[in-house]
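Engineer: My questions will all concern the structure given below.
The values are calculated or read from the model by the stated rules, or taken from the named source; none is laboratory data. All figures in this text were calculated on a predicted structure; none of them were measured in a lab. Ideal geometry is used to build each Cβ from the backbone, glycine not excepted, and the neighbour counts take in all protein chains shown. For accessibility, only protein heavy atoms count, side chains too; no ligands or nucleic acids. Shrake-Rupley method; radii C 1.70, N 1.55, O 1.52, S 1.80 Å.
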Amino acid sequence: MHVTLRQLHVFQAVARHLSFTRAAEELHLSQPAVSMQVRQLEESVGLPLFEKTGRQISLTEAGHELNHYSQNICRELDEAAEVMESMKGVNSGHLKIAVASTINYFAPRLLAAFSKIYPGIELSLLVTNRESLVQLLKENEEDLVLMGQPPEEMDLEWEPFMENPLVVIAAPDHPLVDKKNISMQELAEETFVIRETGSGTRIAIERLFDSAGLKLKKGMQMTRNEAIKQAVRAGMGVSIVSAHTIELELETGRLAILDVEGFPLIRHWHLVHRKGKRLSPAARAFREFVMENATSI
Ligand code: PGA
């Protein structure tokens, strides 16, 4: 087989999007250029890699197999690049960190402090919800991921680096604000403003209500902690959020924490990567830095 890395790269993009047009967009190529690379690859392997049903394309069995090997080849190459990078020393290279949206309230401070010690490391930060982080871990795209509860079913290495207390918030004039030791039953009568499906915070809240045998009265759904806080402040319901997200609102009295039994609910933030992933020296330095400094930042 005379297969080039370029062909594999283009093939993977088409396999990922199942569209020649979208692969061409991603790679900044013309569609005929993409089709030609795939055709040449098919000629080299001697088998069709895609099939067409109407306007939709899908991978053939050979396509699926090749996709699997091609992903491994690219991963190995990335690792080789990382090892080469490591030979240049710690204070260089590029570090890709992805964090849960809720961690974004302190991640920039963490990165800023790290950058002061290692100014030569170029940092990029991706902020997204738990579901997308799980997908990134599957693709082994990032150097390190900071998230809540890592998925049990994946082959991962993780360590907790900080507590994540969840608290119940309400508008300052909510009738429950001055009440002590509110029961879960009483709380369950309130309407909750909640995060989107795929949010780690939401999963934790749903589990809590499930295990208490209570029904969660879901009100409006929002994809941002900021929007949730505004909605709660405007009296659209109560919510359960990480205490990290409400420092400012507590200082200014714009939100109140309700005194509910079992709260704060203590969860943890974890540093996560794929098992067996060869961490670059920059990634190792970041891991050490987070483990030692996260709680004091
Ligand atoms: P979220 O992350 O922003 O997806 O809610 C928090 C978590 O994973 O616990």
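Engineer: For the chain, what does the accessible surface come to per residue with a 1.4 Å probe? Please give it in Å². It would help to have the intermediate numbers written out before the result.
Structural biologist: Working: 15810 Å² over 297 residues.
For the chain, the solvent-accessible area averages 53 Å² per residue.
Engineer: Still on this structure, I have one more. Could you give the distance between the Cα centres of the stretch 34-66 and the stretch 250-290, to the whole Å?
Structural biologist: Rounded to whole Å, the Cα centres lie 43 Å apart.
Engineer: Set the Förster distance to 51 Å, then compute FRET efficiency between ARG22 and GLU261 from the Cβ-Cβ distance, nearest 0.05.
Structural biologist: Plugging the Cβ-Cβ distance into 1/(1 + (r/R0)^6) gives 0.50.
Engineer: Pick from GLN40, GLN135, GLN221: which residue has the top mean-square fluctuation in a GNM of the chain where Cα pairs under 10 Å get a spring?
Structural biologist: The residue that fluctuates most here is GLN40.
Engineer: Let me ask something else. For TYR69, TYR118, give the ranking by accessible area with the largest first, probe 1.4 Å. Please report the intermediate quantities before stating the final value.
Structural biologist: Values: TYR69 130, TYR118 60 Å².
My answer, sorted largest first, is TYR69, TYR118.
Engineer: Same structure, new question: In the stretch 24-115, what percent of the accessible surface is made up of carbon and sulfur (1.4 Å probe, ligands and nucleic acids excluded)?
Structural biologist: Using a 1.4 Å probe with all protein chains present, the stretch 24-115 comes out at 55 percent carbon and sulfur.
Engineer: Enumerate the residues in the stretch 214-229 having an amide nitrogen under 19 Å from the point lying 7 Å beyond the Cα of THR191 toward its Cβ.
Structural biologist: 215-224, 227-229
Engineer: I've got another one for you. Please list, in order along the stretch 201-213, the HN-Hα scalar couplings obtained from phi with the Karplus expression 6.51 cos²θ - 1.76 cosθ + 1.60 (θ = phi - 60°), rounded to whole Hz, x for Gly and Pro.
Structural biologist: Per residue, the Karplus-derived 3J(HN,Hα) values read 4, 4, 4, 4, 5, 4, 5, 4, 5, 4, 5, 8, x Hz.
Engineer: Mind scanning LYS180/LYS218; LYS88/LYS116; LYS88/LYS277; LYS116/LYS138; LYS138/LYS229 and naming the pairs with a C-alpha gap bigger than 22 Å? Intermediate values should be presented prior to the final figure.
Structural biologist: Working: LYS180/LYS218 24 Å; LYS88/LYS116 19 Å; LYS88/LYS277 19 Å; LYS116/LYS138 31 Å; LYS138/LYS229 32 Å.
Going by Cα-Cα distance, LYS180/LYS218; LYS116/LYS138; LYS138/LYS229 fall outside the 22 Å limit.
Engineer: Between ASP178 and ASP210, what is the FRET efficiency for a Förster distance of 35 Å, r being their Cβ-Cβ separation, to the nearest 0.05?
Structural biologist: Values: r = 29 Å, r/R0 = 0.83.
For R0 = 35 Å, the calculated efficiency reads 0.75.
Engineer: Across the stretch 134-143, in residue order, what do the Karplus-derived ³J(HN,Hα) couplings come to in whole Hz, using 6.51 cos²θ - 1.76 cosθ + 1.60 with θ = phi - 60° and x for Gly and Pro?
Structural biologist: 4, 5, 5, 5, 4, 7, 6, 7, 9, 6
Engineer: Right, something else. With the full set of protein chains in place, find how many percent of the accessible area of the stretch 184-230 is carbon and sulfur; take the probe as 1.4 Å. If you can, show how the numbers build up before the last one.
Structural biologist: Details: 1210 of 2470 Å².
Summing carbon and sulfur atoms, their accessible area is 49 percent of the total for the stretch 184-230.
Engineer: Starting from the eigenvalues of the Cα gyration tensor, five times each then square-rooted, give me the equivalent ellipsoid semi-axes of the stretch 181-297, largest first, whole Å.
Structural biologist: Values: eigenvalues 196, 62, 40 Å².
Each semi-axis is the square root of five times an eigenvalue, giving 31, 18, 14 Å.
Engineer: Any chance you could list the semi-axes, whole Å, largest first, of the equivalent ellipsoid that the Cα gyration tensor gives for the chain, using √(5λ)?
Structural biologist: On the way: eigenvalues 379, 128, 50 Å².
Output for the chain: semi-axes of 44, 25, 16 Å.
Engineer: Testing the spin-label approximation: label points 7 Å from Cα along Cα→Cβ at SER35 and LEU123. State their distance in nm.
Structural biologist: 4.7
Engineer: If each DSSP helix of 4+ residues adds -39,500 (n - 2.57) and the sum is divided by the residues in the chain, what number results at 222 nm, nearest 500 deg cm²/dmol?
Structural biologist: After summing the helix terms and dividing by residue count, I get -13000 deg cm²/dmol.
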